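Some notes on the structure that comes next.
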Amino acid sequence: MYLTILFLPLLGFLLAASGGRFFGWRGTPLITTFCVFLSSLFSFIAFYEVGIAGSPCYIQLAPWFTSEFFDATWGFMFDSLTVVMLVVVTFVSTLVHIYSISYMSEDPHLPRFMSYLSIFTFFMLMLVTADNFIQLFFGWEGVGLASYLLINFWYTRLQANKSAIKAMLVNRVGDFGLALGIIATFSLFKSVDFATVFACSAHFAENSFIFFHLEWHALSLICALLFVGAVGKSAQLGLHTWLPDAMEGPTPVSALIHAATMVTAGVFMIARCSPLFEQAPQTLILVTVTGALTAFFAATTGVVQNDLKRVIAYSTCSQLGYMVFACGISQYAVGVFHLMNHAFFKALLFLSAGAVIHALADEQDMRKMGGTIKVLPFTYSMMFIGSLALIGFPFLTGFYSKDVILEVAYAKYTVAGTFTYWLGAVSALFTSYYSFRLLFLTFIGPVNSLKDSLKHVHDAPFLMGFPLFLLAFGSIFVGYLAKDMMIGMGTQFWGNALFMGPDHGLLVESEYIPQAIKYIPILFSFLGFLFALNLNLLGASFSYSLKTSTFGRTLYIFLNKRWLFDKMYTDFVALPALFFGYNVSFKTLDKGLLEIVGPAGVIQTVSQGGRQLRKMQSGLIYHYAFIMLCSLTFLIAFVGLWDFFSFFVETHLYFIAATTLVFSADS
């Protein structure tokens, strides 16, 4: 059954990719959806057996690489962390498959789209079930490939091409760091197997590495390199630029990437490698600060975005920051718990946004919407539930993980912990603002839609509405139902899947922090609602004066242009690279120096010399007599000075030089 969970999506992909033209636009979605649905059903059974019954399963399928100490196998590890990810990935993927049947029904390439969704799911399952770093890297690269194919699904659109290439290139930077981390891990532990590496991590806690001619603490360096991979895949500050542009793919793709697959891979990898990270406290500080800065950056950027999907994309980036800094303060269980909760309400938000875009004739600009609450009441209800869960409204799913993250950060009682708490709390204010701004501009505000957009407006049909209903149910109840099981004190749910060190007691300590500290995130969320209400509905004159003031316009441009990260990368990375590639590498070296001293240049020089020698064949006797006299004089001088020349040059080179001269003259 366990292997069936993995290979059912692969079977769906193979059938859809090879026989899509025979199954057609009706049969292919049914086949792929049924395969993923069965995988989801088996995942829930595995969750009961492994997570609740406490019976982990380890499968060694076949050898892969074997070379002296290097031994990588096709092995699968089903522990508590794995089955949580299996449930999240397969359940959300099943709902996305069902949703796509209706959403993409008018697309002539529906079979190809469904096959891409299935292979995306398969690679993510390979990633989360791997029992060694090499197999994890296989799944890691696989989800990168699948995301490229899905973002570039409408390949005739230039912007889709650019976004897919950008996602691929930015992730290659992170993947390079991950590859170096895996190489360093093998160099230190002589193994890539998780069980071996994690068991020996404490033994190698004091070892050091020479890297870039500097001595580094070995495990700190390894964890930092692994974290570079997580920064790329989970869109943390610095390598985050690909995530908002990934919105160019169809909306179901965005839901799958942001909720259950690709971006959660980095957080999963940090949680999986928790025994290593716990031996590298300096790297944990780096992880904490990076996560907090990402949460703040993305939240501030999202407040001025006008594209419906882009606002939700920046909220994903912000929530990933929460997950990462939860892992940075050694609360891996809380981070994974928020990852699971986030999957439900983020998939709900994206699929609801897709329903709005689908109803309004593919309009995505919120400024051209408004007043749709009367014609899209069901979609509005679903997005309202998702937004409340996102901002951490009390007793919804997001509340049980997001607020716990902030509380344990404060209970850390360190500079990094307090810093992340306040950045996270302020980010909650911005999150509340852009969530309610989205609702006001899209549903409640005055009608700004074009008449053509409203001609055929309709609420979500059953195949699109049913997934929304299930995700709304999860967004309301999952946090409450799973809280005590996953992050309650004394729970044995995680077993050995996550490192439970002394800092696990922070969950107890967080119960005794001042009550005012616990209320601050909720208060900030309420303030965000008031700001959104005043700036976007009631206080139109104040909003206008703020936007037209010098300060307001400058701040708006700065935030709307994403803190100018893209401009900095263009000016300081892309343009210098293009200048070097064309002017230095291509024109100066390839077409200049190498063509002169390389084979082409030598051949051209010799052939020109041969043509000049042929001109000496004038047919006049006195010319030939003069050449013979000069040659004889040169030969006598050469023989007379033989000892002098042989002191500087190897004697056998004379023969080579003379032979070359003769043959070049003949040519």
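The values are calculated or read from the model by the stated rules, or taken from the named source; none is laboratory data. Note that this is a predicted model, so its numbers are computed, not measured. Here the Cβ is made from the backbone with ideal geometry for all residues, glycine too, and neighbour counts use every protein chain on show.
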>> Taking the conditions exactly as written (under 20 Å from the mean Cα position of the chain (by Cα), within 16 Å of Gly144 (Cα to Cα), of a type in the set (A, V, I, L, M) and at pLDDT below 85), does Met247 satisfy them or not?
In response: yes
>> Contact list please: Cβ distance under 8 Å, first residue in region 97-124 and over 16 Å from Phe350 (Cβ atoms), second residue among the small types (Gly, Ala, Ser) and part of a loop (DSSP other than H, G, I, E, B), pairs at least six apart or on different chains.
In response: Met124/Ala260
>> If the requirement is being under 19 Å from Val478 (Cβ atoms) and of a type in the set (Phe, Trp, Tyr), which of these qualifies: Phe120, Phe91?
In response: Phe91
>> Considering only region 437-451, I want to know if a residue exists there that is free of Cβ contacts under 8 Å to residues at least 12 places away in the same chain and either charged (D, E, K, R) or in contact with a Gly (Cβ under 6 Å, 6 or more places away or on another chain) (or both).
In response: yes
> Looking at Thr294, Thr301, which is the one that is surrounded by 21 or more Cβ atoms within 10 Å (Cβ to Cβ), over 18 Å from the mean Cα position of the chain (by Cα) and part of a helix (DSSP H, G or I)?
Replying inline: Thr301
>> Checking the conditions here, which among Thr82, Thr73, Thr90 is under 25 Å from Asp193 (Cα atoms) and within 23 Å of the chain's Cα centre (by Cα)?
In response: Thr82
>> Exactly one condition in (1) under 17 Å from the mean Cα position of the chain (by Cα); (2) closer than 30 Å to Thr4 by Cβ; (3) touching a residue at least 60 places away in the same chain (Cβ under 8 Å) is false for Ile134; which is it?
In response: (1)
> under 30 Å from Thr491 (Cα atoms), surrounded by fewer than 22 Cβ atoms within 10 Å (Cβ to Cβ) and among the β-branched types (Val, Ile, Thr): does that describe Ile45?
Replying inline: yes
> If you scan region 137-149, which residues turn out to be of a type in the set (A, V, I, L, M, F, W, C) and crowded, with 24+ Cβ neighbours inside 10 Å?
Replying inline: Trp140, Val143, Ala146
>> Let me spell it out: the conditions are (1) farther than 30 Å from Met340 by Cβ; (2) part of a helix (DSSP H, G or I), and Val447 meets all of them except one. Which number is the exception?
In response: (2)
>> Here are the criteria: (1) buried (at least 24 other Cβ atoms within 10 Å of the Cβ); (2) closer than 27 Å to Leu81 by Cα; (3) not aliphatic (A, V, I, L, M). Tell me which single one Asp403 does not satisfy.
In response: (1)
> In the set Ile98, Ile59, Ile31, Ile52, which member is modelled with pLDDT of 90 or more and over 22 Å from Trp154 (Cα atoms)?
Replying inline: Ile31
> On the given criteria, is Ala230 within 17 Å of the chain's Cα centre (by Cα), modelled with pLDDT of 85 or more and hydrophobic (A, V, I, L, M, F, W, C)?
Replying inline: yes
> Tell me, which residue of region 65-79 that is part of a strand (DSSP E or B) and over 17 Å from Thr185 (Cβ atoms) is modelled with the lowest pLDDT?
Replying inline: Thr66
> From the list Ile656, Ile596, Ile621, which residue is surrounded by 11 or more Cβ atoms within 10 Å (Cβ to Cβ) and either modelled with pLDDT of 70 or more or more than 30 Å from Arg310 (Cα to Cα) (or both)?
Replying inline: Ile596
> Can we say Leu376 is in contact (Cβ under 8 Å) with a residue 24 or more places away in the chain and under 26 Å from the mean Cα position of the chain (by Cα)?
Replying inline: no
>> Exactly one of these conditions fails for Arg272: (1) charged (D, E, K, R); (2) surrounded by fewer than 24 Cβ atoms within 10 Å (Cβ to Cβ); (3) modelled with pLDDT of 90 or more. Give me its number.
In response: (2)
>> Looking only at region 150-167, how many residues end up being without any contact (Cβ under 8 Å) to a residue 40 or more places away in the chain and either surrounded by 14 or more Cβ atoms within 10 Å (Cβ to Cβ) or part of a helix (DSSP H, G or I) (or both)?
In response: 3
